[in-house]
Amino acid sequence: MGLPLFLYNLIRVLAMRSKRLGAARRASRSEILALQKKRLLHLLEHAARFSPFYRRRWAGNVPGPEDLSSLEPVSKTQLIDHYNEVLAVKDLDLASVRRWMAGTAVNLPNRYVLAATSGTTGQPVVIPYNRREWREGMAYIVRSSELTMEEVWGRRGGLVSLIRERPRVAGISTLNPIHVSAQLTRSFRTGLVANLLLSAAEPLEQQIDRLNRFQPTVLGGYPSAIGPLSRAALDGALKIQPRLIVTGGETVSGAVRRNVSRAWGLNLFDFYGLAETLIIAGECLAHQGLHIYEDAVVLEVVDEKGRVLPSGEPGDKVLLTNLFNRTLPLIRYEVSDILAVSHDPCPCGLCFSRIMSLEGRREELLELRSPDGQTVMVHPFVVESPLEEMPQIRQFQISGDSRGGLLIVIVPYEQGSDPADRAKQAVDSVLVPLGVGRDAVQVQSAASIKSRRGPTDKIMRG
Ligand SMILES: [Zn+2]
């Protein structure tokens, strides 16, 4: 027997992370862009040579990095329809990937790690990484959390103090074994860190109970799970003293941030990642946006016609290029997230550009009506924010109805006091100024609700 596999993987990940960490801390803006350009060049050459899809699209030519903004984007539908052609390897295909999803892929080459997307909207996509690419993705995640953890464990700290402190990490996302977050959790399980993984779909009481027993020092999860837990901590039911709170996977509202700060005296750190690219961006110590890891990914904000927008303007979608996955090259892959990017310098000193507003998926927007019948598009977190701020509300659920209105079901904390009227006023106070009619929102109280969550336990909005 050689080195245990997890130790081997850990060492390889740490070696890669040291290289990338140094580069991130010291690099100037022009150095980052030069590195990104070099890696993009290699990716484009590789795709033109080994991926039949891109070879056909580009008619046998190899585009240069300067041509990126003129290349045709790849939609999710195109990726699914041409999956085998996009693949730049010969020993994987859609049929074997589907068998893996169904839990019957006994012959899948073990040099690959497969990660499924969330699929809260539409069918999930499986992204294969070879082991080296997967370790590189893990290295970006470790680096990202180290850039964060300085604030928590001190500048000299980083990984050394992380191991010395023996953090107790609780994650609240999904137990779905094929989802990217479950795959990452499995890869990071080293025995050095105590781990508790909860499903965001578990009843809140059960989450509180298990967290009270586990006593995590690091708490991470979907904002829709962290929000109710922070309110439970303010209420006194949840008795934990975390030193670090991390969110990802959904849009985080200002109200969740404020409740986390009130409950535990901490600024939460938000991360943006997808199965398609693993980590894309992470919040820095200045808490002024999420730095885009531009040595791992190219993120372009575009309008509905696909034109790249200038700094600061929120787009209709983003186009992502994964710079380290050669197995399934994704070049200008369309994601319907609404966000704005800033290239301005950040007070923290890192020279990566930042995502300044992250408003979530276009498909999640609620379609509401004004009194004169006009459509008003509103992101669900606009409605959630005032409800998060109300200490009388234990849980809530928002659903749209066919007449362009909203039904909000709330579970009050105390029996006898019904905050439904106040909740209605609070929601109206944010929606009426946007043009939504007062009769659009109904609020009802209930003794309990089971929040609707998708196949990967993300909240189903709207
Ligand atoms: Zn920063």
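A short reminder: the numbers here are calculations on the coordinates, not readings from a lab. Only a predicted model underlies this, so the values are computations on that prediction, with no experimental measurement involved. Positions of Cβ are generated from backbone atoms using ideal geometry, with glycine treated the same way; all protein chains shown enter the neighbour counts.
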How large is ³J(HN,Hα), in whole Hz, for each residue of region 417-429 in order, when computed from phi with the Karplus curve 6.51 cos²θ - 1.76 cosθ + 1.60 and θ = phi - 60°, using x for Gly and Pro?
9, 10, x, 4, 5, 5, 5, 4, 4, 5, 6, 4, 5
Lys pairs, the chain - Cα-Cα below 29 angstrom, 8 or more residues apart or on other chains:
21
Amide hydrogen neighbours beyond the local backbone of S357, cut-off 5 Å, H modeled:
A340
Give the residue from A237, I449, G220 lying farthest towards the positive end of the charge dipole for the chain; charges sit on Cβ (+1 for Lys and Arg, -1 for Asp and Glu) and the dipole is referred to the Cα centre.
G220
Order of L204, L175 from fewest to most other C-beta atoms within 10 Å?
L175, L204
Going by a ≥ b ≥ c, the root eigenvalues of the Cα gyration tensor, does region 255-409 fall in the rounded group (a/c under 1.5), the prolate group (a/b larger than b/c) or the oblate group?
oblate
What angle, in degrees between 0 and 90 and rounded to the nearest 10, separates the Cα long axis of helix 5-26 from the longest principal axis of the Cα atoms of the chain?
90
With only alpha-carbon pairs counted, each pair once and no self-pairs, how large is the Kirkwood hydrodynamic radius of region 365-445 in angstroms?
12.6
With only helices counted (DSSP H, runs n ≥ 4, each -39500 (n - 2.57)), the per-residue ellipticity at 222 nm for the chain, to the nearest 500, works out to -11000 deg cm²/dmol
Of M377, M101, M138, how do they rank once you tally other Cβ atoms within 10 Å and put the fewest first?
M377, M101, M138
Report the Stokes-Einstein translational diffusion coefficient (µm² s⁻¹, integer) for the chain, Rh taken as the Kirkwood radius over Cα pairs, at 25 °C with viscosity 0.890 mPa s.
105
Using the crude model of +1 on Lys and Arg Cβ and -1 on Asp and Glu Cβ, and no other charge, please compute the dipole size for region 365-445 relative to its Cα centre, in debye to 20.
100
Enumerate the amide H contacts of Q395 below 5 Å, restricted to partners 5 or more residues apart or on another chain; note that Pro and chain-start residues carry no placed amide H.
V411
Magnitude of the Cβ-charge dipole of the chain, K/R +1 and D/E -1, about the Cα centre, nearest 20 debye?
1900
Treat the count of other C-beta atoms within 10 Å as a stand-in for reagent exposure and order S370, S353, S230, S402 from fewest to most.
S402, S370, S353, S230
What list of ³J(HN,Hα) couplings, whole Hz, do you get for region 96-103 from phi and the Karplus terms 6.51, -1.76, 1.60, once you set θ to phi - 60° and write x for glycine and proline?
5, 5, 5, 5, 4, 5, 7, x
In sequence order, calculated HN-Hα J values of region 242-247 (Karplus, 6.51, -1.76, 1.60; Hz; x Gly/Pro):
x, 9, 8, 10, 10, 10
Amide H neighbours of V443 under 5 Å, at least 5 residues apart or on other chains, H built in the peptide plane: list them.
I408
